[in-house]
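Everything on this sheet refers to the single structure shown next.
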Ligand SMILES: Nc1nc2c(ncn2[C@@H]2O[C@H](COP(=O)(O)OP(=O)(O)OP(=O)(O)O)[C@@H](O)[C@H]2O)c(=O)[nH]1
Ligand SMILES: [Mg+2]
């Protein structure tokens, strides 16, 4: 559809206002039961591009924008959630085969009228089928990144809604205690695999276990997208935020 620069500027301003309003609404209310993924006009993504892949520490690109990393065990749905957030089917490679993401992948993501982020798709942990050497190399790469990245503002920790928190997630949370300035955001993925009636009680149970509010997500339906964006925009704004 053709549009003039003026139209685009107007639209841009409208979107910026919408992003701000959505964040404010979540601050004030914060209690909207759920978002079903149908709010497609909120948090519209202007651009999302792969910027770099790092298989070793010295390949990590220069830090530029606010960075948000997606972490979790292999196959939990990190790459799928990243794609769902940016509304692109296959920006990050997904696979039925665990261990697909073998390096740290960096994506530049700009919201219409909002900030630019770097989304970071991390290799999954807990994947049994890689060699011990490879698993150790991934761990070192991951830990060095998490420990040293100055622009890292939040780690989105993904757990499968059906499995919940396990030792690896607790270890990761403990590891991140050394960097209290990094926000931890918990997401329960593949919520669509639970019957509708079981979803809310399961999220409540997971939130109780994690002692923070867990955001339920579905890469299939887009559920959780708006709620997660609100948190990320809020974090990027530099405001302190409670997780409850
Ligand atoms: N039904 C459903 N399937 C999902 C969802 N998220 C991911 N999947 C599926 O789960 C599988 C793994 O998804 P990925 O996004 O590749 O998982 P990952 O965590 O990036 O995996 P690694 O890169 O191996 O660590 C794929 O077959 C996805 O289609 C979801 O929300 N719902
Ligand atoms: Mg992946």
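Would you pick out the residues in region 46-68 that are over 16 Å from residue 229 (Cβ atoms) and under 16 Å from the mean Cα position of the chain (by Cα)?
49, 50
Go through region 101-114 residue by residue and tally those that are in a loop (DSSP other than H, G, I, E, B), buried (at least 18 other Cβ atoms within 10 Å of the Cβ) and within 15 Å of ligand 1 (Cβ to nearest atom).
Just the residues of region 101-114 that are in a loop (DSSP other than H, G, I, E, B), to begin with: 101-103, 112-114.
Filter again for buried (at least 18 other Cβ atoms within 10 Å of the Cβ), leaving 101, 112-114.
With within 15 Å of ligand 1 (Cβ to nearest atom) added as a condition, the list becomes 101.
Adding up the residues that qualify gives 1.
I need a count of the residues in region 80-89 that are surrounded by fewer than 23 Cβ atoms within 10 Å (Cβ to Cβ) and within 10 Å of ligand 1 (Cβ to nearest atom).
Counting residues in region 80-89 that are surrounded by fewer than 23 Cβ atoms within 10 Å (Cβ to Cβ) and within 10 Å of ligand 1 (Cβ to nearest atom) gives 1.
Of the residues 71, 48, 92, only one is at pLDDT 95 or above, within 16 Å of ligand 1 (Cβ to nearest atom), over 18 Å from residue 188 (Cβ atoms) and in contact with a helix residue (DSSP H, G or I) (Cβ under 8 Å, 6 or more places away or on another chain); which?
Matching residue, one of 71, 48, 92: 48.
Can you work out which of the residues in region 95-111 that are touching a helix residue (DSSP H, G or I) at 6+ places or on another chain (Cβ under 8 Å) and in contact (Cβ under 8 Å) with a residue 60 or more places away in the chain is nearest to ligand 2 (Cβ to nearest atom)?
109
So, in region 182-193, of the ones that are farther than 24 Å from residue 238 by Cα and in contact with a strand residue (DSSP E or B) (Cβ under 9 Å, 6 or more places away or on another chain), which residue ends up surrounded by the most Cβ atoms within 10 Å (Cβ to Cβ)?
That would be 188.
Name the single residue that is nearest to residue 167 (Cα to Cα) among those in region 117-133 being more than 13 Å from ligand 1 (Cβ to nearest atom) and not in a loop (DSSP other than H, G, I, E, B).
So, considering only residues that are more than 13 Å from ligand 1 (Cβ to nearest atom) and not in a loop (DSSP other than H, G, I, E, B), the one nearest to residue 167 (Cα to Cα) is 132.
For residues that are away from ligand 2 (no atom under 16 Å from the Cβ) and without any contact (Cβ under 8 Å) to a residue 40 or more places away in the chain, tally how many sit in region 60-89.
The qualifying residues number 1.
Would region 125-140 turn up any residue that is under 15 Å from residue 155 (Cα atoms) and within 11 Å of ligand 2 (Cβ to nearest atom)?
no
Considering only residues that are more than 19 Å from residue 123 (Cα to Cα) and touching a strand residue (DSSP E or B) at 6+ places or on another chain (Cβ under 9 Å), look in region 165-181 and name the one that is nearest to ligand 1 (Cβ to nearest atom).
In this case the residue turns out to be 179.
Quick one: is residue 142 within 13 Å of the chain's Cα centre (by Cα) and either within 16 Å of ligand 1 (Cβ to nearest atom) or surrounded by fewer than 22 Cβ atoms within 10 Å (Cβ to Cβ) (or both)?
It is false that residue 142 is within 13 Å of the chain's Cα centre (by Cα) and either within 16 Å of ligand 1 (Cβ to nearest atom) or surrounded by fewer than 22 Cβ atoms within 10 Å (Cβ to Cβ) (or both).
Out of (1) closer than 29 Å to residue 198 by Cα; (2) surrounded by fewer than 20 Cβ atoms within 10 Å (Cβ to Cβ); (3) more than 14 Å from ligand 2 (Cβ to nearest atom); (4) in contact (Cβ under 8 Å) with a residue 24 or more places away in the chain, the odd one out for residue 157 is which?
Exception for residue 157: condition (2).
I need a count of the residues in region 140-164 that are in contact with a strand residue (DSSP E or B) (Cβ under 8 Å, 6 or more places away or on another chain) and closer than 19 Å to residue 106 by Cβ.
13
The values are calculated or read from the model by the stated rules, or taken from the named source; none is laboratory data. Owing to the predicted nature of the structure, the values given are computational and were not obtained by experimental measurement. All Cβ positions, even for glycine, are placed from backbone atoms using ideal geometry, and neighbour counts span all protein chains on display.
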